[in-house]
Amino acid sequence: MEVITKEEFLLEKVRYLKLISQGSVFIHPTDTIYGIGCDATNEAAVRRVRDAKQRNSMPFSVIAPSKRWVYDNCEVSAEGEKWLDRLPGPYTLILRLKKASAIASSVNLGSGTLGIRIPRHWISDLVKELGFPVLSTSANLTGRQYMTAIDDLDESIRQKVDFMVYEGEKEGRPSTIVKLFEKEVELVER
């Protein structure tokens with residue numbers, strides 16, 4: 001696994017964007033913690049993330065390229081609009097997916113919903129530039145402590161990732177999950 005800084009990433013951005021577009025799996029910073037990402041429309045790349053995390057049964061979230069993408073591909077209620085107005089920020093909005101073809105089927109495992117993030121972080125600008133959603137799930141084995149520093153990265157994950165953009169230790173915690181697909185809004189603090 002290649003470890004690079006944000007500055008190194010930006011210097012060779014065209015190369016790294018091409019790698020992501022071709023199916024690379026990478027660890028990226030967000031406004032909260034570090035995540036594992038890939039092109040969320042690439043079935044093989046998403047399966048690689050599932051294998052790395054040893055997570056076969058729970059859906060993943062994505063970083064959306066824009067709010068327009070969310071409106072085009074998800075059902076957004078009036079309450080959902082209020083929460084979408086809070087983005088970018090440390091929230092994962094769970095919405096009903098109206099366009100299954102917008103993501104690889106292994107992202108949400110047929111659940112009919114999709115977790116949406118737009119972090120308050122430069123990674124959102126990168127995803128916007130890519131023009132497609134990027135899978136984003138915590139960079140840890142399922143059930144283990146999430147990654148806030150490079151020393152937290154499990155060796156088995158390190159071996160299954162192509163590169164990592166590292167910007168130092170994070171002092172955040174995972175985003176708050178906001179379930180917006182049922183009649184009642186439910187917040188899940190993690």
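Bear in mind these aren't lab numbers, they're just calculated from the coordinates by the rules spelled out. Remember, it's a predicted structure, so these values are computed and weren't measured experimentally. Heads up, the Cβs are rebuilt from the backbone with ideal geometry, glycines too, and the neighbour counts pull from every protein chain shown.
A few notes on this one:
- Given (1) touching a residue at least 24 places away in the same chain (Cβ under 8 Å); (2) closer than 15 Å to residue 26 by Cα, index of the condition residue 129 fails: (2)
- Inclusion of residue 124 among residues that are more than 21 Å from residue 25 (Cα to Cα), touching a Pro at 6+ places or on another chain (Cβ under 7 Å) and in contact (Cβ under 8 Å) with a residue 40 or more places away in the chain is not warranted.
- For the residues 53, 67, the requirement of being under 20 Å from residue 150 (Cα atoms) and touching a residue at least 40 places away in the same chain (Cβ under 8 Å) singles out 53.
- Residue list for segment 114-133, filter: within 14 Å of residue 67 (Cα to Cα) and of a type in the set (Val, Ile, Thr): 116, 118, 127
- In a residue-by-residue description of segment 76-89, the property of being crowded, with 23+ Cβ neighbours inside 10 Å and of a type outside the set (Ser, Thr, Tyr) applies to no position.
- Condition check for residue 179: over 22 Å from residue 24 (Cα atoms) and in contact (Cβ under 8 Å) with a residue 12 or more places away in the chain: yes
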